[in-house]
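In what follows, a single structure is set out as C-alpha cells and then discussed.
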Amino acid sequence: MTRYVMVADLNRCVGCQTCTASCKHTNATPPGVQWRKVLDVEMGEYPNVERLFMPVGCQHCSDPPCMEVCPSTATGQRKDGIVTIDYDLCIGCSYCAVACPYQARYKVEEARFAYSDGPTENEALRFDERRIGVAQKCTFCSDRVDAGLERGLTPGIDPDATPACANACIANALTFGDLEDRESNVSKLLTENTWFRMHEHLGTDPGFYYLWEEK
Amino acid sequence: MKPTKFSRFGTSHQAIWDWRAAGNFICGGAGSSLLAVSTFAAFPGVADGRLLLLAVLLIGAGLAFVWTEIGRPWRAFNVLFHPQTSWMTREAYVAALIVALLAAGAATGVAFLSHIASLAALLFLYCQGRILKAARGIPTWREPAIVPLIVATGLVEGLSLLVLIVTMQGAAVPAMFAALILLVALRAAAWLRYRSRMNASDMPLSTRRVLQSSHLAVLGVGTAVPLVAAALALAVPMAALAGALAALAAAVAGWHFKLLLITRAAQVQGYALGNKLRRGHPFAAR
C-alpha cells in the first residue's frame, strides 16, 4: 500500500511563495486560483506576537468530504491516497467546494490569463478547456508522480517524480513522500519531529502534516 | 469565546453558492411541504390537483435555480451518479420519484400513489437538511441541528401556503390554524436549539450578527405574529384574514432565514494551527 502525503515544516518555511509560483507555472492556474499558497499568520497580541508561514492547499484527505458529497462521482481517490477530479464528469455544482474545510477548491467560469492581451506562452501550452466551469484543485502533481514511477523513480526523492511545489521550495520546507513506507523521507520527518494536522476534529484524516516546534 | 493561537483565522463568506442555491432551499422546501400537508389534509382522498401541480412546480423551480448555477448545465444528469453517499444525488432521485408517482396517480386515479408521493416529499425535505449538514466546510451548515430546523422551516412554509390558498378560497378550517400554531412552535424550538449550538461555537462575529438578525425575524415575524394571528383566527371564526396573516408572516420569515443562511451566514471554516502536537509516526499505534 502507498499513501502519498505532504509534510510542511513551519519552522523552515520563509513565506517566499516560490511553491505558489512553481505550482502556477506547472499547472497554469488562472489569476485568483492558487492550488498551493502560503499564508502569512500572525498570532497573539502586541507585544507578544508570533509570526509563521503556513503552506495550504488540498490536503488529500483519507476521508475527503468533497468526495462524499460529489453527486457526479467526478471526485475520486486513487489507491495511493491522491484525491482526483474527473473534469469530464464534473457538473460544476461546487458542492465539493463548500464541503471542503480547507478552501482548496476553485471553479472558474471562463478562461482567464495573467495578462489582458491573451495567454502567455506557458499558459497557452498548458491551458485545459476541460477545467472551465468545473471544480479544480491541487493534484499533488499526479501526472509527474505517475510519469516518474513509470521510469522507476521514487516520488519525493527524485525531482521528476515529485510535485512541483516540493521541488521548488528554497528552504526545504515541503517534503512529499509515502507515509506507508516507514523508511521514507516523510515517515522519518514525522517520527523525529512534533507535528499536527489542520482541522483533524472534522474527521477528514488529512494527508498534509505540519512540523512545528511550539515556542 | 476568547481567541487563542489555535483559533480559526482566514474565515470569509463563501461566494460559491448564491441566491440561486437559496432559491432551491426556499422553493424546494415550500413545494415538498405543500405536497405533504395538502395530501395529509385531504387524506384518505387526494388533494386538489392544482395544489399538487403548484407543489411540483415549486420543487421544479428550486431545481431549475440550481441548474442555472452549475458550471456545466448540459451534464446535469450526472447529478444522478452518486446515490451511495451524496445527498444532492438523493434529492434529485426523490424529486424524480415524486413527479413519477404524481403522474402515475393522475393517470390511474389511484389515491395511494399520491399518498406515497407525499411521503417522498418529506424525504425530499430531509435531503435538503442533509445537503447542508454534509457541507463540512461551512460551520453554520454542518451543525447537526440544521437538519430539524430545515425540515421544520419547510413544513411551516408548505402549511402556510396551503392556509393562504384555502383562505383565499374561503375554505379555511380551524384545524389548519391549529396545525400552523403547532408547526410554528416546533420551528421556534428547532431555531432556539440551532442558535444555542451556534452561539456555543467559535463562529465569527459577522456570522453572529447575521444569526442575531435572523433570531429577531424568526421569533418576531416568524413566531410571535403567526401565533397571535392564528390564535385569533381560531378564536374568532370571522377572522380568517388573521389566519392568512399568520401564514404569510410564518412563510416569509422562513424564506428570509434561508436566504440569509445561504448568502450571508456562510463563513468558511478558515484555517487553524492544530492544538494537538504529536511526535512519532502517525501509524505507530497500528
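Selection of region A:160-186 for residues being of a type in the set (A, V, I, L, M) and within 20 Å of B:His281 (Cα to Cα) yields A:Ala173, A:Leu174, A:Leu179, A:Val186. Among the numbered conditions (1) among the hydroxyl-bearing types (Ser, Thr, Tyr); (2) within 12 Å of chain B (Cβ to nearest Cβ); (3) buried (at least 18 other Cβ atoms within 10 Å of the Cβ), the only one that A:Thr26 does not meet is (2). Taken over region B:132-146, the residue count meeting the criterion of being farther than 17 Å from B:Arg208 by Cβ, of a type in the set (A, V, I, L, M, F, W, C) and over 14 Å from the mean Cα position of the chain (by Cα) is 2. Within region B:211-231, identify whether any single residue is within 14 Å of another protein chain (Cβ to nearest Cβ) and either free of Cβ contacts under 8 Å to residues at least 12 places away in the same chain or among the aromatic types (Phe, Trp, Tyr) (or both), and answer yes or no. Checking region B:211-231: not a single residue is within 14 Å of another protein chain (Cβ to nearest Cβ) and either free of Cβ contacts under 8 Å to residues at least 12 places away in the same chain or among the aromatic types (Phe, Trp, Tyr) (or both).
From B:Phe257, B:Phe283, which residue is farther than 15 Å from B:Ala172 by Cβ and either polar (S, T, N, Q) or away from chain A (no Cβ under 12 Å) (or both)?
None of the others qualify; the one that does is B:Phe257.
Within region B:90-147, being small (Gly, Ala, Ser) and within 11 Å of chain A (Cβ to nearest Cβ) holds for B:Ala92, B:Ala134, B:Ala135, B:Gly137. Determine, yes or no, whether A:Met43 is over 14 Å from the mean Cα position of the chain (by Cα), within 12 Å of chain B (Cβ to nearest Cβ), more than 30 Å from B:Arg20 (Cβ to Cβ) and part of a loop (DSSP other than H, G, I, E, B). Spelling it out, it is not the case that A:Met43 is over 14 Å from the mean Cα position of the chain (by Cα), within 12 Å of chain B (Cβ to nearest Cβ), more than 30 Å from B:Arg20 (Cβ to Cβ) and part of a loop (DSSP other than H, G, I, E, B). Filter region A:64-87 down to the residues that are out of contact with any Ser or Thr (no Cβ under 6 Å at 6 or more places or on another chain), more than 10 Å from every other protein chain (Cβ to nearest Cβ) and part of a strand (DSSP E or B) and list them by number. Selection gives A:Gln77, A:Val83, A:Thr84.
For region A:94-179, which fully contained helices (runs of 4 or more DSSP H) count at least 3 residues that are over 19 Å from the mean Cα position of the chain (by Cα) and away from every other protein chain (no Cβ under 14 Å)?
A:121-126
Taking (1) more than 9 Å from chain B (Cβ to nearest Cβ); (2) over 20 Å from A:Asp143 (Cα atoms); (3) not in a strand (DSSP E or B) in turn, A:His60 satisfies each apart from (2). When you check A:Cys90 against the structure, is it assigned to a loop (DSSP other than H, G, I, E, B) and more than 30 Å from B:Leu132 (Cβ to Cβ), yes or no? So A:Cys90 fails the test.
Against the conditions (1) outside any helix (DSSP H, G or I); (2) touching a strand residue (DSSP E or B) at 6+ places or on another chain (Cβ under 8 Å); (3) not acidic (Asp, Glu), A:Pro31 satisfies every one except (2).
Only one entry in A:Val49, A:Val38 is part of a strand (DSSP E or B) and either facing another protein chain (nearest Cβ under 9 Å) or over 19 Å from the mean Cα position of the chain (by Cα) (or both), namely A:Val49. Being closer than 18 Å to B:Ala22 by Cα, at the interface with chain A (Cβ under 10 Å from one of its Cβ atoms) and surrounded by 19 or more Cβ atoms within 10 Å (Cβ to Cβ) holds for only one residue in B:Trp67, B:Trp87, and it is B:Trp87. Within region B:65-116, restricting attention to residues that are part of a loop (DSSP other than H, G, I, E, B) and aliphatic (A, V, I, L, M), the residue that is farthest from the chain's Cα centre (by Cα) is B:Val110.
Looking only at residues of region B:210-234 that are touching a His at 6+ places or on another chain (Cβ under 9 Å) and within 16 Å of B:Ala190 (Cβ to Cβ), we find that the one that is surrounded by the fewest Cβ atoms within 10 Å (Cβ to Cβ) is B:Ala217. Residues being surrounded by fewer than 19 Cβ atoms within 10 Å (Cβ to Cβ) and either over 16 Å from the mean Cα position of the chain (by Cα) or of a type in the set (Val, Ile, Thr) (or both) are entirely absent from region B:253-262.
When B:Val46 is tested against the conditions (1) crowded, with 17+ Cβ neighbours inside 10 Å; (2) touching a Lys or Arg at 6+ places or on another chain (Cβ under 9 Å); (3) more than 16 Å from B:Leu159 (Cα to Cα), the lone failure is (2).
Where a number appears in this text, it was derived from the coordinates with a stated rule and is not lab data. Everything numeric here is computed off the predicted structure, so don't read it as measured data. Methodologically, a virtual Cβ is constructed for each residue, glycine included, from the backbone with ideal geometry; neighbour enumeration extends over all protein chains shown.
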